[in-house]
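Structure first, then comments.
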Amino acid sequence: MIDLKNLVPVIGLEIHVEVNTASKMFCQCRANYFGSEPNINVCPVCLGYPGALPVPNIKAIEKTIRLALGFNCRVRRSFKFDRKHYFYPDLPKGYQISQYDTPIGENGFLEVDFESKEKVVYKKFRIRRVHLEEDTGKLLHEGGQTLIDYNRSGVPLIEIVTEPDFHEVEEVVRFVEEVQRLVRWLDISDADMEKGSMRLEPNVSLGEKLLSGEIKLLDYKVELKNINSFRFARKAVEYEIERQRKIFEKGEVPKQETRGYDETRGITFSQRKKEAEQDYRYFPEPDIPRVELKEEFVEKIKRELPVLPIKERRELIEKYSLRLSDALVLTREKRLLDFYKQLLKELENEKIEKLPQRLANAIVNKKVKIEDWDTEKFKERFLQLFGKVEEDLVLVEKVAREVISSFPKAVQDFKKGKENALMFLVGQAMRQIRGKAKPNTVKGKILEMLRS
Ligand SMILES: [Zn+2]
């Protein structure tokens, strides 16, 4: 008997990312199908004509390796493609070319940072595999009929599979957000969930937390589909956890199945029994020879790999004491971070107090508009906003000193207790400053000097 109090969510993720190569995975057709008239970017290969031969896209392989390295995976130097069989109208060949037992990357992890009790904590989530396959066509349901568009058929698609390491919805959301960030950072995809260039399929089940702290899996899992935004990801997973919990409360165990998410009703619904692996009848794709990578090819990708966003954030937090939330915004895009770093360097000598945080604030809160990412314009506005304050203080000090040495009689009068003498000195100073500082600031400075 399971104690319901000990049930904890166990979530693994499958994430598909469309690769932004110019051509498709196995033919020369244009890969970017957005905005194209239906069935324009097609040829015998991606329409699945008998006898048409696939040729792997080396750019897509290169990008998959780059992502696998970004995920700290072991990269295979030798791999093959396999046929995965299933029938659906959007799959013209009757099988999808994918990778079965030789994924390009495996045994990696992605580290994610969280805010917890005013501290930044780091958590690693394991990546089981990263492999390359082709996308299917797209079914459009319009006016009671179903239409097929094959422009998407054969577009390179990377599948990322994690271990079931997630126990909270928040972890899932933060992880997926980090995957999206990394994929964009490495120029692999625009990873837009609304457009479908990034798709998330969480596997959700409840496990039993044992006294030892270990979590015992309960031999079922539910795969969730049709999630096309971060908001829906959160809602679908939350709904599914509650649904399964209620089934356990009745003394039953949830069924292994695939469920869709209905965003208007905010519920998940049963789609089909989940296929077992043997249903796909995987076998090696006979039309594509095994791929053997030269060591130099992988080494070059490794060398050119940029510093990853998590590492950049760690530096922003540790070196400049930035808040995690600001570091997250600054590492949303590589060029935004470059922009920040360049400005930081150029403003170094301006003697602005807490410059790194102030500059981050200005960018994050858009206090200074980032017009066409022009660093000169930005710098000018930033200095007007923050730099000038410091500049003017220097000016006030200089003028106050001059006035005090030019009017020794007034100084003596003040020291004898004549308040008017002070006002005279302030008036003299204000004349020189010409409205660049407030009378109170000037008065304060002169008083400070007279008393010291
Ligand atoms: Zn084609």
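For a quick check of your reading of the model, give me the residue pairs whose first member lies in segment 10-31 and is touching a residue at least 60 places away in the same chain (Cβ under 8 Å), whose second is within 15 Å of the ligand (Cβ to nearest atom) and part of a strand (DSSP E or B), with beta-carbon atoms closer than 6 Å and at least 6 apart or on different chains.
If the second residue must be within 15 Å of the ligand (Cβ to nearest atom) and part of a strand (DSSP E or B), the pairs left are H16/L157; E18/L157; V19/P156; T21/P156; M25/E134; M25/P156; A31/S23.
Tell me, which helices (runs of 4 or more DSSP H) wholly within segment 298-388 include 1 or more residues that are among the basic types (K, R)?
309-320, 334-347, 355-364, 375-382
Scan segment 60-70 and give yes if some residue there is within 16 Å of the ligand (Cβ to nearest atom), assigned to a loop (DSSP other than H, G, I, E, B) and at pLDDT 95 or above, otherwise no. Steps first, answer last, please.
Quick first cut of segment 60-70, residues within 16 Å of the ligand (Cβ to nearest atom) only: 60.
Now drop any that are not assigned to a loop (DSSP other than H, G, I, E, B), which leaves none.
So far as segment 60-70 goes, no, none of its residues is within 16 Å of the ligand (Cβ to nearest atom), assigned to a loop (DSSP other than H, G, I, E, B) and at pLDDT 95 or above.
Tally time: how many residues in segment 32-47 are more than 10 Å from the ligand (Cβ to nearest atom), touching a residue at least 40 places away in the same chain (Cβ under 8 Å) and out of contact with any helix residue (DSSP H, G or I) (no Cβ under 7 Å at 6 or more places or on another chain)?
So the answer is 1.
Give me the residue from segment 330-351 that is touching a Leu at 6+ places or on another chain (Cβ under 8 Å) and either among the charged types (D, E, K, R) or surrounded by 17 or more Cβ atoms within 10 Å (Cβ to Cβ) (or both) and, out of that set, farthest from V176 (Cα to Cα).
Across segment 330-351, the extreme among qualifying residues is E350.
Confirm whether N20 is in the same structural domain as F125 (by TED's automatic domain parsing), in a loop (DSSP other than H, G, I, E, B) and either within 15 Å of V161 (Cα to Cα) or over 30 Å from the mean Cα position of the chain (by Cα) (or both).
In short, no.
Can you list the strands (runs of 3 or more DSSP E) found entirely within segment 115-231 that contain at least 3 residues being surrounded by fewer than 23 Cβ atoms within 10 Å (Cβ to Cβ)?
Qualifying strands (runs of 3 or more DSSP E): 119-134, 138-142, 145-149, 198-209, 222-225.
Listed here are the residues, each with its yes/no results for (1) touching a strand residue (DSSP E or B) at 6+ places or on another chain (Cβ under 8 Å); (2) at pLDDT 95 or above.
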{"residue": "L218", "(1), (2)": "yes, no"}
{"residue": "I227", "(1), (2)": "yes, no"}
{"residue": "V237", "(1), (2)": "yes, yes"}
{"residue": "G266", "(1), (2)": "no, no"}
{"residue": "A276", "(1), (2)": "no, no"}
{"residue": "R303", "(1), (2)": "no, yes"}
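The values are calculated or read from the model by the stated rules, or taken from the named source; none is laboratory data. Since we're looking at a predicted model, the values are computed, not measured. Note that each Cβ is placed from the backbone with ideal geometry, even for glycine, and that neighbours are counted across all protein chains shown.
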